[in-house]
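Notes follow the structure.
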Amino acid sequence: MLLAIDTATHYSSLALHNGKTLLAESTWSSASPNHTVELAPTVQTLLARCDVTLHDLTALAVCKGPGSYTGLRIGIAFAKGIASARKLPLVGISSLDILALGHPQASGGLIAVVQAGRGRVIAASYQWRKGRWKNRNAPLLMTWETLIASVDGPATLTGEVNDAGYAALEDAQARGLPITISAPNLRVRRAGALAEEAWALLRAGTGDYDAAKLVPIYVKTKDLP
């Protein structure tokens, strides 16, 4: 039984997966980062609905960023606490990879984005290869304008798009940029996708999933310590 946790941004998502079936999933957006007060009670509710306890868990998965410094710290610390106490494997997966994992094949490339605050986003691009999206580059800190300027061919954008992002993207589309904004239901970062990938990695048995060794992905700026 695997518990997946994602608190990387204002979006939070939890999932419970037994290796064959996604038993439960809860995804929500908070107006402010309330992960500290929301995470533990929501995990407790999710487990109770499935008649599962922490002692039934055999593995954990967590979104390791990039994202909000505080949000990442809370989710990763929570997952590490459970994994370390019970000596369970902890699989960390990128927030941008989670978005790509949950997105179907589309024409051209895929651009995954998460909000970074102050008009900035963190983005990475993907190409469809062998039935899944494959990462093309490391996460980059950008403004909407620099992201749009970097588009080098037909692409679909998924992830967190705020009002400024919509305005910039719609203006770029009007100027002929071949970029499509994915449907809202496809742009949500879901812990179910995180759980599926974590199970696949655990079955492959090629990684080291010691909770103590998991390191968050921070795209550092002058605003971060």
Query raised in the report: What dipole magnitude, in Debye to the nearest 20, does the chain give about its Cα centre under +1 on Lys/Arg Cβ and -1 on Asp/Glu Cβ?
Result: 520
Query raised in the report: Between A85 and N137, what FRET efficiency comes out of the Förster formula 1/(1 + (r/R0)^6) with R0 = 45 Å and r the beta carbon distance, rounded to 0.05?
Result: 0.75
Report summary line: Percent relative contact order for segment 98-225, counting Cα pairs under 8 Å at least six residues apart, stands at 26
**Report entry** Kirkwood hydrodynamic radius of the chain, Cα pairs, Å
**Finding:** 17.9
Query - Inter-label distance for L177 and N34, nm, one decimal - labels placed 7 Å from Cα along Cα-to-Cβ - result: 3.4
**Report entry** Antiparallel DSSP beta bridges within the chain, percent to nearest 5
**Finding:** 65
Query raised in the report: Of A174, W133, A149, which is farthest along the charge dipole of segment 103-186 in the positive direction, counting Lys and Arg as +1 and Asp and Glu as -1 at C-beta?
Result: W133
Query raised in the report: Quick one: helix 191-204 against the long Cα principal axis of the chain, what's the angle to the nearest 10°, folded into 0 to 90?
Result: 70
**Report entry** Whole-number percent relative contact order across the chain, with pairs defined as alpha carbons under 8 Å at least 6 apart
**Finding:** 24
Query raised in the report: When ranked by the protection proxy of mean other Cβ atoms within 10 Å per residue, highest first, what sequence do the peptides 41-54, 119-132, 180-193, 70-83 form?
Result: 70-83, 180-193, 119-132, 41-54
Query raised in the report: For segment 103-186, rounded, prolate or oblate, judged on the Cα gyration tensor with a ≥ b ≥ c (square roots of eigenvalues), a/c < 1.5 rounded, else prolate if a/b > b/c?
Result: prolate
Query - 15 Å beta-carbon shell around R190, net charge (K/R +1, D/E -1) - result: -4
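No lab work stands behind these numbers, since they all come straight from the coordinates. For clarity, every value in this text was computed on a predicted model and none was experimentally measured. Backbone-built Cβ (ideal geometry, glycine too); neighbour counts: all protein chains shown.
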